[in-house]
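**Q** Before I ask anything, let me first share the structure, which is written out below as structure tokens.
The values are calculated or read from the model by the stated rules, or taken from the named source; none is laboratory data. In this text, all values refer to a predicted model and were calculated from it rather than measured experimentally. As a convention, Cβ positions derive from the backbone with ideal geometry for all residues, glycine included, and neighbour counts pool all protein chains shown. The protein model used for the area step is the full one, side chains on, heavy atoms only, and it has no ligands, DNA or RNA in it. Shrake-Rupley method; radii C 1.70, N 1.55, O 1.52, S 1.80 Å.
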Number of protein chains: 2
Amino acid sequence: MSRVTIADVASAAGVSKTAVSFAFNNPKRLGHATLERVLGVAEDLGYMPHPAARALSMRRSGTIGLLIPQRLSTVFANPFVSELIQGLGEQCEEHDLTLLLVPPLDGSLESAIRQASVDGFISLGLSPDDRALEVLDRLGIPTVLVDSDGSPAHPAINIDDEGGAEAAARHLLQLGHRQFAILVLPPARAQVNSTPTATRRLNGYRKALDSAGAPKPVTVVAGISVAAGARAFDSLPKVKDRPTGVLAMSDMAAIGVMSAAQASGLRIPEDLSVVGFDDVPASAWTNPPLTTVRQPIVEKGRLAARFLIQRMKGIKVESPAPLSTSLVVRNSTSRHIDSDLQIKGR
Amino acid sequence: MSRVTIADVASAAGVSKTAVSFAFNNPKRLGHATLERVLGVAEDLGYMPHPAARALSMRRSGTIGLLIPQRLSTVFANPFVSELIQGLGEQCEEHDLTLLLVPPLDGSLESAIRQASVDGFISLGLSPDDRALEVLDRLGIPTVLVDSDGSPAHPAINIDDEGGAEAAARHLLQLGHRQFAILVLPPARAQVNSTPTATRRLNGYRKALDSAGAPKPVTVVAGISVAAGARAFDSLPKVKDRPTGVLAMSDMAAIGVMSAAQASGLRIPEDLSVVGFDDVPASAWTNPPLTTVRQPIVEKGRLAARFLIQRMKGIKVESPAPLSTSLVVRNSTSRHIDSDLQIKGR
DNA sequence: GATCGCTGCTAAACCGCTTTACTAAAGCGG
DNA sequence: CCGCTTTAGTAAAGCGGTTTAGCAGCGATC
């Protein structure tokens, strides 16, 4: 009842284990007749090499790990990761690799890392002070970072967060907005500082706002989900200093803001302009379609996988220049006429 | 430079490998002093057990595989799978399991299965005649099927596809529609028949349409993507026998139909009613919000994982009753007045 | 006829861990 | 003081493959 092993095949075919192994991995080393016979017997017995045994002895598992700093249910609520996986997946398939999702187990990403039998890791949005990074170093497994700071040891794939954010803020500024709300990304994991990504985007917003002399924006941290965006909207000032433009660090949060605003009777974009970040596909179909900062997510995944595969081959690689972002203007933003008038009008 | 092994720790601590192993897996078997010492040395050396070696020797890898019949880039374009993973992930995290994505490698799902070191498989939308199923049987790895026919060997998690489809069609019928287009799901993999899911949904649509004596619908197969939905719309008859209601087997395709229709100047729902299937979150934000058949996707994932975990414990389980579906009526469907009048009016 | 180089195959070591079976020493009741 | 159970630890046998080193046979070469 138990699994067919290489020894079973060997004895059934009347050859050594070596011969069976050669039949699969190095067929030229066998005579034609025995090759056929071994393969035949293996097929009959339904033999397939045990992956773990293979991994142990070959020192490669054929798998790369995607390190996810949060629970799968929260991360996969954001289409961002689906897009990223599309990019990663393309490269994985091209190189015959499978993709292991590694979320924190038992609250600990470190212990999850240990358990994972992979040839390399792609880690998503880790803070530079996350302890998981030490473990990664220690293990000596090739790693590439996405959306966090690189190090000499590990290349990082990033986008021009600051530039994107700046463009978003300038867009709203040009439309006449002065009162802003900024929806900040939460830290990747509890007990850890906010991610470099969040910091850079915030810097971009601030830079634009400051240089235009806009009043200090209200900032609220919002998770990357529609519900979180909705909650964020509810916590915004509604009368005095009411923001007329909101800068969200994710499309999901922006969508949440829009629906909460609409539910409360506001019109988008007439009463409230909102701009997102990421440009996930869904942003094109929302009502109204979302103005947002586009980043090439699929490309990011593809690049990360490519870099990792290079590193796995032992090729040293440097972090590439940040991928460029661009503002895509749709219909969730519009000119803000005059805030006093508008307040009187309500 | 190479990895720290258990033997290194053992000799550094002046104990046997067994002792080191016990220190981690069976601490009670060691005296307090040695336990501390071994753990200390291990920490200093940065020792972590090799996962493949562990998996080999323990006969468990701590990961479950998600068998995906198509390329990751096509599957992850559909939020359905994100939702499913949220459900799976919840259970995985609860049981300290990681999740391995297993797409066809080199065009072959079978070979990908072999490579995967997992304790169990969840397979997505496999046709009953898919060769991958044989491999699964042969391997003797616990498996649960999602969206395909169960077998004595493997339980399957399904939803009431037929009932859901029927409800969708009846809804349109009640609104006065007579001319229908049905967007059929493509087969999971080339060279394979269409999936039981697609068949059941089609049956549901037909049942409702037939019993209402509606004219034969036009059916077109559309992939599960917005682009595929848009193409499907383009291939629909535009004048004679123009459908006024479209029944899509996925929300993504439905969204594609809507945008293509709107791009061609049609109003939704006034000129064309469309209903989707799945009720992915995005369907609530589209313009107009999509009428669709809701299925409990996260729950489906959760259930599949739960069943698999049972099976992995050696507990025999039966396929559960199909999960129920429900029609959620939003604004992409409306009453159809009279087709002749309408055509004249245009 | 000894030597050489192939071809075709195998024995055995190894990958790094777990676990079973066993031993030596210590504790303990009588 | 003696047999008996615990306690603390070890040696060695797996787990199921891959791979190195080497051996036997054999026709070609000199």
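**Q** For the range A:16-61, which positions are open to solvent by 80 Å² or more (accessible area, probe 1.4 Å), more than 10 Å from DNA strand C (Cβ to nearest atom) and within 11 Å of another protein chain (Cβ to nearest Cβ)?
**A** Scanning the range A:16-61 gives A:PHE24, A:GLU43, A:ARG60.
**Q** Of all residues being within 14 Å of chain A (Cβ to nearest Cβ), among the small types (Gly, Ala, Ser) and out of contact with any Lys or Arg (no Cβ under 9 Å at 6 or more places or on another chain) in the range B:251-265, which is most open to solvent (accessible area, probe 1.4 Å)? Just the residue, please.
**A** If we take residues in the range B:251-265 being within 14 Å of chain A (Cβ to nearest Cβ), among the small types (Gly, Ala, Ser) and out of contact with any Lys or Arg (no Cβ under 9 Å at 6 or more places or on another chain), then B:ALA263 is most open to solvent (accessible area, probe 1.4 Å).
**Q** Right, something else. Across the range B:11-58, what is the number of residues that are of a type in the set (Gly, Ala, Ser), under 46 Å from the mean Cα position of the chain (by Cα) and in a helix (DSSP H, G or I)?
**A** Total satisfying the criteria: 9.
**Q** Continuing with the same structure: Name the residue that is surrounded by the most Cβ atoms within 10 Å (Cβ to Cβ), counting only residues in the range B:165-202 that are under 17 Å from the mean Cα position of the chain (by Cα) and assigned to a helix (DSSP H, G or I).
**A** B:ARG201
**Q** Please go through (1) open to solvent by less than 10 Å² (accessible area, probe 1.4 Å); (2) within 9 Å of chain A (Cβ to nearest Cβ); (3) over 30 Å from B:VAL15 (Cα atoms); (4) of a type outside the set (S, T, N, Q) for B:PRO79 and return the number of the only condition it doesn't satisfy.
**A** For B:PRO79, the exception is condition (1).
**Q** If you don't mind, another one. Identify, by number, the condition in (1) touching a helix residue (DSSP H, G or I) at 6+ places or on another chain (Cβ under 7 Å); (2) away from DNA strand D (no atom under 14 Å from the Cβ); (3) closer than 23 Å to B:GLY107 by Cα that A:THR63 doesn't meet.
**A** Among (1) touching a helix residue (DSSP H, G or I) at 6+ places or on another chain (Cβ under 7 Å); (2) away from DNA strand D (no atom under 14 Å from the Cβ); (3) closer than 23 Å to B:GLY107 by Cα, A:THR63 violates only (1).
**Q** Can you say whether A:THR74 is more than 16 Å from DNA strand D (Cβ to nearest atom), facing chain B (nearest Cβ under 9 Å), β-branched (Val, Ile, Thr) and open to solvent by 20 Å² or more (accessible area, probe 1.4 Å), as far as the supplied structure shows?
**A** Yes; evaluated as a whole, the condition is true for this residue.
**Q** Which one of the conditions (1) of a type in the set (Lys, Arg); (2) at pLDDT 95 or above; (3) surrounded by fewer than 21 Cβ atoms within 10 Å (Cβ to Cβ) does A:ARG242 fail to meet, given that it meets all the rest?
**A** Of everything listed in (1) of a type in the set (Lys, Arg); (2) at pLDDT 95 or above; (3) surrounded by fewer than 21 Cβ atoms within 10 Å (Cβ to Cβ), A:ARG242 misses just condition (2).
**Q** Looking only at residues that are crowded, with 23+ Cβ neighbours inside 10 Å and over 13 Å from the mean Cα position of the chain (by Cα) in the range B:62-71, which one is farthest from the other protein chains (Cβ to nearest Cβ)?
**A** Once the filter is applied, the top-ranked residue is B:ILE64.
**Q** Can you report the number of residues in the range B:136-164 which are part of a helix (DSSP H, G or I) and either under 17 Å from the mean Cα position of the chain (by Cα) or buried (at least 22 other Cβ atoms within 10 Å of the Cβ) (or both)?
**A** Of the residues in that region, 3 qualify.
**Q** Could you check the range B:86-135 and list, in sequence order, the residues that are part of a helix (DSSP H, G or I), at the interface with chain A (Cβ under 7 Å from one of its Cβ atoms) and more than 16 Å from the chain's Cα centre (by Cα)?
**A** Result: B:GLU93, B:ALA112, B:ARG114, B:GLN115.
**Q** Among the residues of the range A:203-230, how many are part of a helix (DSSP H, G or I) and open to solvent by 30 Å² or more (accessible area, probe 1.4 Å)?
**A** 7
**Q** While we're looking at this one, here's another question. Can you list the helices (runs of 4 or more DSSP H) found entirely within the range A:233-346 that contain at least 1 residues being polar (S, T, N, Q) and touching a residue at least 60 places away in the same chain (Cβ under 8 Å)?
**A** Result: A:339-345.
**Q** Looking at B:ALA13, is it within 10 Å of DNA strand D (Cβ to nearest atom) and more than 13 Å from chain A (Cβ to nearest Cβ)?
**A** Criteria met by B:ALA13.
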